[in-house]
Each structure stands twice: as structure tokens, then as C-alpha cells.
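Engineer: Mind looking over this structure? Questions follow.
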């Protein structure tokens, strides 16, 4: 795959993607992301739909792999919105460093990597292979908060602030 040319905003438009407002935790004792040096640690996000509700259910019981893939893609969109809100522009992203994907799984479900591909594939489509490919874990969980289908956290390297 070739690196995408042009700005990330143009690439999002080309892909038909409009980012929602960044997610903000309500009444929680954590924040959506934290900067440390040139790294951005993005808290776990869930699959938020356009109406603000979440994709719920267990993979392999309530949802199939394709539905999980789409849920992980929704999470990646929310992660992008949080990053854009924090950095001001996604053009500042040097590299997606790491994803940690958690899948709400039925006991016999073993296709967590195929589900988390929904997020990974989107990030490579947006940033290109060099900037968008990343280290990753995709694990099954007995349960996730409020029964969401997928939760993903991310570490991103970004261009430093201009002084």
C-alpha cells in the first residue's frame, strides 16, 4: 500500500468520513487522552453510533464478526475525533503506534483479531500504511462497560507543538 498524499482532512473527505464531536466522559475521574512528550495516550472508546447510542452485545452470541468489525470501525472514528480535538489537526499524527482492542466475547468466540481489523483497516486507509500501521493486541473479554461490543485504546506519536 502506498502512503496517502495530501492532508488527512482531504483523505477523510475522499473516504466520505465526517467526524463527530469528540467524546467527553461524564462525571468520570479520567480524561479522553493524555499527552506525554510527543505521545498521545487515548483512553478506551466504545462504538458510538451517530445518534449517540452504542453498539452493544457479545460477539459470537448477539453479534457476528462483520457487525463487530463495523463496531470497531465506529470506535476508530471516535478515536480520530478525540485526537483531532486534542491536536487540532490529524496532519500532526506521525504514527499510530499501538492499539489495544477488547472484544466483548461469548466463551467460545475466538475471532477477536477479525473484529479489531475494523479499526486497524480504517486507520491504514486514513493515514496510509507507513503512518497508520501499528502494533496491536486483540483480546476477548467476559464483559465490557454497559455491554458495549468493543473498546479500543490507542497510543499515537505526533508532531510537537510549534512554539
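Read-outs: derived from the displayed coordinates by stated rules, not from any lab. Please read these numbers as outputs of a predicted model, since none were measured by experiment. Here the Cβ positions follow ideal geometry from the backbone for every residue, glycine too, while neighbour counts run over all protein chains shown.
Engineer: Take the residues in the range 9-31 that are closer than 20 Å to residue 95 by Cβ and assigned to a helix (DSSP H, G or I); name whichever of them is nearest to the chain's Cα centre (by Cα).
Structural biologist: 12
Engineer: Let me ask something else about it. Given (1) free of Cβ contacts under 8 Å to residues at least 24 places away in the same chain; (2) out of contact with any strand residue (DSSP E or B) (no Cβ under 7 Å at 6 or more places or on another chain); (3) not in a loop (DSSP other than H, G, I, E, B), where does residue 34 come up short, assuming only one miss?
Structural biologist: In the conditions (1) free of Cβ contacts under 8 Å to residues at least 24 places away in the same chain; (2) out of contact with any strand residue (DSSP E or B) (no Cβ under 7 Å at 6 or more places or on another chain); (3) not in a loop (DSSP other than H, G, I, E, B), residue 34 misses (2) alone.
Engineer: Additional query: Mind counting the residues in the range 36-52 that are out of contact with any helix residue (DSSP H, G or I) (no Cβ under 7 Å at 6 or more places or on another chain) and within 24 Å of residue 157 (Cβ to Cβ)?
Structural biologist: Of all residues in the range 36-52, those out of contact with any helix residue (DSSP H, G or I) (no Cβ under 7 Å at 6 or more places or on another chain) come to 36-39, 41, 43-44, 50-52.
Checking the rest, the ones that are also within 24 Å of residue 157 (Cβ to Cβ) come to 36-39, 41, 43-44.
Within the range 36-52, residues that are out of contact with any helix residue (DSSP H, G or I) (no Cβ under 7 Å at 6 or more places or on another chain) and within 24 Å of residue 157 (Cβ to Cβ) number 7.
Engineer: Go through (1) touching a residue at least 40 places away in the same chain (Cβ under 8 Å); (2) in a helix (DSSP H, G or I); (3) surrounded by fewer than 16 Cβ atoms within 10 Å (Cβ to Cβ) for residue 66 and report which single condition fails.
Structural biologist: (1)
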